Amino acid sequence: MEQFKKIPMYSYLLVLVICASAGLQGWMALFTNFAKEIVGVNGFQIGVAQAVREIPGFLTFVVMYLLLIMREHRLSAWSVVLLGIGIGATGFFTTFPGLLMTTVLMSIGFHYFETTNKSLTVQYFDKHDAPIVFARLRGYGALANITVGALVWILSYFISYRSNFLLLGIFVGLTGVYMLTKNPADEAGLPPQNRLVLRRKYWLYYILNFLSGARRQIFIVFAVFLLVEKYRLSVSTIAGIYVLNYVLTFLTNRYISRAINIYGERVVLSLESASLFVLFLGYAFIENPWVAVSLYVLDSIFFNFSIGLNTYLQKTADARDLSQSTAVGFTINHISAIVIPVIGGSLWLLNWRLPFIIGACLTVVSLYFTQKIKKPLPTTAKAN
């Protein structure tokens, strides 16, 4: 039996990851069509909305101060509660300012949960188990996403956007409240993690996070908007694509964790950058809806290679810096995540190809800096 499963924090994070993943997936499956059909946004406004969504990610350093007044696992649960409230409220606000307000509320919950989730994982699991745990959590999150994607696809034929958002928000919020009654913490031997740390020796981790955030936003914002705006795919079709994405995520994540343990972060992250370069050019220059869908599915698979960033930090950082450096990296990741959607939305109005061309350029820069990772970084133990 894999020993990490005996650690109470594993099952605690597993429940929260499934809940948060399902909530975000349902919100994403509904959001673009809701914004286009009900709110009536254009390309620039969808970029602004996504930029606003990333502002809480930029402010994740606040987590360090919240840890002065509550334990990290409780902050995770409270974040999921807030995520549920934001999702449930979305359908009740059908103006652009209302859309921005509920997006920020939902985003605070999700980003603060993501920060604490990553931090708790690298603190409670060793360097060999951490890639496997990250992959397992993403895999089970993907199963939850498949279920929610299928439900959204079915329910979209029978109930309104408002009802979809409300039901999803209630489920997420109540699960977060339930997890507040649990205490999986075993903090004996764990160094204090409530100081904000920005260290020169982690410069490469910071740069790779910045570039990852920029690429991720082009994928999240403009790849989906391309399918809805240019190719006119319905909400049920988008939900079906998400289901397919998460089936493949569940099937491939275990191999990503093994690859990190065997070949190291440099190889895995290099493969990610090189592949995304090709995919971004495909978005820009191949005008076919089903080719675009295929590129989107492949894009979602390579997105999961970013597990390597988290394990790279764990293998290079001091134990006392893990939580703080995770929060700083998450903040830096979202500096680009705030800027890129606004710039990309403006460029979209000039030519829809431009955001994807910029994405291809960013992957080249990322590939260059990935080569700065010292090798070998893989753990000596073989993956199961």
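Readers should treat all values here as calculations from the given coordinates under stated rules, not as data from a laboratory. From a predicted model like this one, the values you see are computed outputs, not experimental measurements. Virtual Cβ from ideal backbone geometry, glycine too; neighbours counted across all protein chains shown.
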*Could you give the distance between the Cα centres of the stretch 244-280 and the stretch 25-86, to the whole Å?*
26 Å
_Cα convex hull of the stretch 207-258 - mean projected area over all directions, nm²_ = 4.5 nm²
*In straight Cα distance, which lysines are under 24 Å from K374, not counting same-chain residues fewer than 8 positions off?*
K118, K127, K201, K315, K382
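How big is the C-alpha Rg of the stretch 173-307 next to the rule-of-thumb value 2.2 N^0.38 Å, as a ratio?
Rg over 2.2 N^0.38 Å, computed on Cα atoms: 1.34.
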*Convert each backbone phi in the stretch 233-239 into a coupling constant with the Karplus relation 6.51 cos²θ - 1.76 cosθ + 1.60 (shift: θ = phi - 60°), then list the ³J(HN,Hα) values in order as whole Hz, x for Gly and Pro.*
6, 7, 5, 5, 5, 4, 4
*Could you give the alpha-carbon Rg of the stretch 38-103 over 2.2 N^0.38 Å, rounded to two decimals?*
1.33
*Starting from the Cα gyration tensor of the stretch 109-148, take the square roots of the eigenvalues, sort them a ≥ b ≥ c, and report rounded, prolate or oblate (rounded when a/c is under 1.5, otherwise prolate if a/b is larger than b/c, else oblate).*
oblate
*Please report, largest first and rounded to whole Å, the three semi-axes of the ellipsoid equivalent to the stretch 73-132, where each semi-axis is the square root of five times an eigenvalue of the C-alpha gyration tensor.*
31, 10, 7
*Calculated from DSSP H runs of 4 or more alone, at -39500 (n - 2.57) each and per residue, what is the 222 nm mean residue ellipticity of the chain, nearest 500?*
-25000 deg cm²/dmol
*asked:* Can you match volume of the Cα convex hull per residue in Å³ to one of these, [x] 251; [y] 121; [z] 222, based on a calculation from the structure here?
replied: [y]
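Using the Cα gyration tensor of the stretch 236-360, with a ≥ b ≥ c the square roots of its eigenvalues, what is the shape: rounded (a/c below 1.5), prolate (a/b larger than b/c) or oblate (neither)?
In terms of gyration-tensor shape, oblate.
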*Residue farthest toward the positive end of the dipole of the chain, with Cβ of Lys/Arg at +1 and Asp/Glu at -1: which of F369, I307, L105?*
F369
*So who's got an amide H within less than 5 Å of the one on N42, skipping anything under 5 residues away but keeping other chains? H placed 1.01 Å off N, in plane.*
none
*Considering the alpha-carbon set of the stretch 1-120 alone, what are its Rg and its Dmax in angstrom?*
15.8, 52
*What order do you get for Y202, Y242 when you list them from fewest to most C-beta neighbours inside 10 Å?*
Y202, Y242
*Could you tell me which of rounded, prolate or oblate describes the stretch 53-172, using a ≥ b ≥ c as the square roots of the eigenvalues of the alpha-carbon gyration tensor, with rounded for a/c under 1.5 and, failing that, prolate when a/b is larger than b/c and oblate otherwise?*
oblate
